[in-house]
Amino acid sequence: MRAKGYFGGFGGFYVPEVLVASLKELERDYQQISQTAEFEAELQSLLRDYAGRPTPLYYARSLSDRAGGARIFLKREDLAHTGSHKINNAIGQALLAKRMGRSRVICETGAGQHGVATATACALLDLECEVYMGETDVERQKLNCYRMNLLGAKINVVKSGSRTLKDSINEAMRDYAATSEDTHYLLGSVVGPHPYPTIVREFQSVIGTETKEQMARETGGLPDALVACVGGGSNSIGLFHPFIDDEHVQMFGAEAAGDGIETGKHCASVVVGEEGVLHGSRTLILQDDDGQVSDTSSVAAGLDYPAVGPEHAHLSASKRAKYFGVTDQEAVLAFHLLSEAEGIIPALESAHAVHLAAKIAREFSKDQSIVVCLSGRGDKDVAQIAKLEGRL
Amino acid sequence: MSRIAATFERLAESEEGAYIPYVCCGDRGVEFTGELMRRLSRAGADVIELGLPFSDPLADGPTIQAAMVRSLSSGFKVATLFDLISRARSDGMDTPIVVMTYYNLIIRMGLDIFCKRLAEAGADGILPVDLPMEESADLERIAGAHELDVIRLVSPTTNDERMAQILQSARGFVYAVAISGVTGQRDSLPHSAIAMLKRLRDKSDLPIAIGFGISNQEQVRQAIAAGASGVVEGSALIDIYARGLSEGEDGALDLVEKHAREMKDSARAAVASREKRS
């Protein structure tokens, strides 16, 4: 018997037996509940009136001119409520948790964007919320921690392992194994065991679905290429997935190359990772010769993850999408570029995608178009950049 | 007959419960691990569970994770596991050895090479903590070819239908997880664990070892009275030698050995008192 939830040879269900019953229940409830008309209506109404969807698709004329090539459009997820695409999945899963009869929600967070989105959805839907966040991340994302507190969430500081996102996922899974009767684990990316990669993708696909309609209105056709940053890979899968069967639409993922791939201090798991099992999924992982998971590094906390969602591993293996590393330095330059050229301060995560888009734009002609998922706004990163550049 | 099966057969004949200590490889050094195995075997351990340290042990609680971190940061390599086992065998240790590991470490080496080296070193079984039955066909086939038992886990939340399926492919003994959660000490056995043991007993004649949260003799009596064939103890042992280390390594090992003897005595007595009652 083969487990469900495979994307080619990646994905699956590699979990301790104590988690099996809860995950099977989640799979079953998700299939039933998400199909109902009331759920769909409630979700659509919240996405529109509360989260501010559809988010705009903006033609970045000045950025396009500077890049010199294709017309670059920005899918403005930074304008969604809470400042990133994370709200799409948080509202979807929080509604699901409510309908599954759960009173408590737990989640992991790296940069804090998913923690803020989850705390927001829980405040809205009157659910108790606890966020697992690595000690290292708590220090570098103080503002988001305060936001979560304001929203009524409790932060559990994770002091095990590397004290970043991967350890927060370990801790949240441990909590879930003991508490799933009344608790929903609201996983924030397209990682983890089945059914998470599918559930999160479905709630994030609104990004690509809207983009398709907006491009049809704007240009009368499909874009020629899509670009998004890839940590776990939720905003990118959200943008890519509705276009997978449109073979002429090229897809590019920007992974964090940190100090440079050759230094070993990065988190480019598709570019240089190797097959293995982490957090319940068979996927590409940064690991040593023994199979111990590597410590990772990126200026963008939200990309600081040593593996990638299994569907990305499949898109890469099947050559449907291409993945490139973007260094910290390149991302910071793109952070400034977009701020100056367009008056939009991007999240450092999204700045990786902006860099890659500006770079590949030259390979396209002026009548072609590229859509970049601007997954989040950069307010959370301003203090970090100012400090990095000695201005604070 | 496999060494594991022979051990449980002998225990059934002599009406003894099994005591199965867990040892985290490389914690406090590889030499310490080897000595710990020897002392536990001498104290009457019926099976030794050797745990491979992993960077992301999501089924384990803080005590075992901390032990794994210590082991890995002192440079432990998977290859050392095979040396530990073959050394124990060449020193004459005959206690069955089951290797508890996260699946990524097996995948990384390659299923066939991993199983081959384990079998050659003298191990008897593999317990992959994060490999549910849906994903285990490859490992079962390859381990079987090397005459290694793949030990299956069940938990209190495993329903009857699934339990029956798991038992079909179970070899050696069944590992019953006492709590819904991670490893680490608890005071007593939860009701759900007792109920799970009864459900398992109704469905299978395989030996049942119960673990996660086991640390005292009262739990041993409870578990065996409810139908377990033995108990697995892990985090508590790590705490015991951590406390004893202030007296030096020998002092720590003495404490572990003394505790292991008491646990084994309880396991021995518990079956007799169960038989008397029924």
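The values are calculated or read from the model by the stated rules, or taken from the named source; none is laboratory data. Here the structure is a predicted model, which is why all the values come from computation and not from measurement. Counting neighbours? That spans all protein chains shown, and the Cβs are built from the backbone with ideal geometry, glycine included. Only protein heavy atoms, including side chains, enter the accessible area calculation; ligands, DNA and RNA are left aside. Shrake-Rupley method; radii C 1.70, N 1.55, O 1.52, S 1.80 Å.
Below are the figures for this structure:
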quantity	calculated
Cβ-isolated cysteines (cut-off 4.7 Å), chain A	A:107, A:145, A:229, A:267, A:373
Cα-based helix-to-principal-axis angle, A:328-342 vs chain A, degrees rounded to 10	70
Taking chain B and dividing mean pair separation by its residue count, relative contact order in percent (alpha carbons under 8 Å, at least six apart)	22
Cα lying deepest toward the dipole's positive end in the protein assembly as shown, options A:118, B:226, A:161, charges on Cβ	A:118
Loop GluC sites (Glu not before Pro), region A:320-364 (other Cβ atoms within 10 Å of the site Cβ: 13 or fewer; DSSP)	A:363
Accessible-area value, residue B:103, 1.4 Å probe, nucleic acids and ligands omitted, Å²	0
For region B:3-270, accessible area per residue (1.4 Å probe, heavy atoms of protein chains only), Å²	35
Region B:21-97 and region A:133-185: distance between their alpha carbon centers, rounded to Å	31
Solvent-accessible area, 1.4 Å probe, carbon plus sulfur percent, for region A:87-186	49
Rg followed by Dmax, in Å, when region B:3-270 is reduced to its Cα trace	16.9, 50
Anisotropy class of the protein assembly as shown from Cα gyration tensor, a/c 1.5 cut	prolate
List of region B:41-84 residues, accessible area with partners at least 40 Å² below that of the chain alone (1.4 Å probe)	B:55, B:56, B:58, B:65
Accessible surface of residue A:265 - all protein chains present, 1.4 Å probe, nearest 10 Å²	110
Which of B:109, B:93 is most accessible, then next, and so on - probe 1.4 Å	B:109, B:93
Whole-angstrom gap from region A:328-392 to region B:216-278, using each part's C-alpha centre	59
Region A:285-334: trypsin sites (Lys or Arg not before Pro) in DSSP loop, at most 12 other beta carbons within 10 Å	A:319
For the protein assembly as shown, size of Cβ-based charge dipole, Lys and Arg +1, Asp and Glu -1, in debye	640
Entries in B:198/B:264; B:77/B:116; A:24/A:154; A:86/A:166; A:322/A:387; A:166/A:359 that, when Cα-Cα distance is taken, lie over 24 Å	A:24/A:154; A:322/A:387; A:166/A:359
Summed buried accessible area for A+B [probe radius 1.4 Å, Å², rounded to 100]	3100
Shielded by partner chains, region A:287-335 residues - at least 50 Å² of accessible area, 1.4 Å probe, vs chain alone	A:290, A:292
Protein-protein interface of region A:3-20, residues with accessible area decrease of at least 20 Å², isolated chain reference, 1.4 Å probe	A:3, A:13, A:14, A:15, A:16, A:17, A:18, A:20
Sequence-separation-based contact order of region A:184-272, relative, with Cα cut under 8 Å and 6+ spacing, percent	25
Region A:263-354, relative contact order in percent, only Cα pairs under 8 angstrom and at least six apart counted	24
Accessible area of region B:159-227 belonging to carbon and sulfur atoms, whole % at 1.4 Å probe	45
Probe 1.4 Å, accessible area per residue of chain A, Å²	35
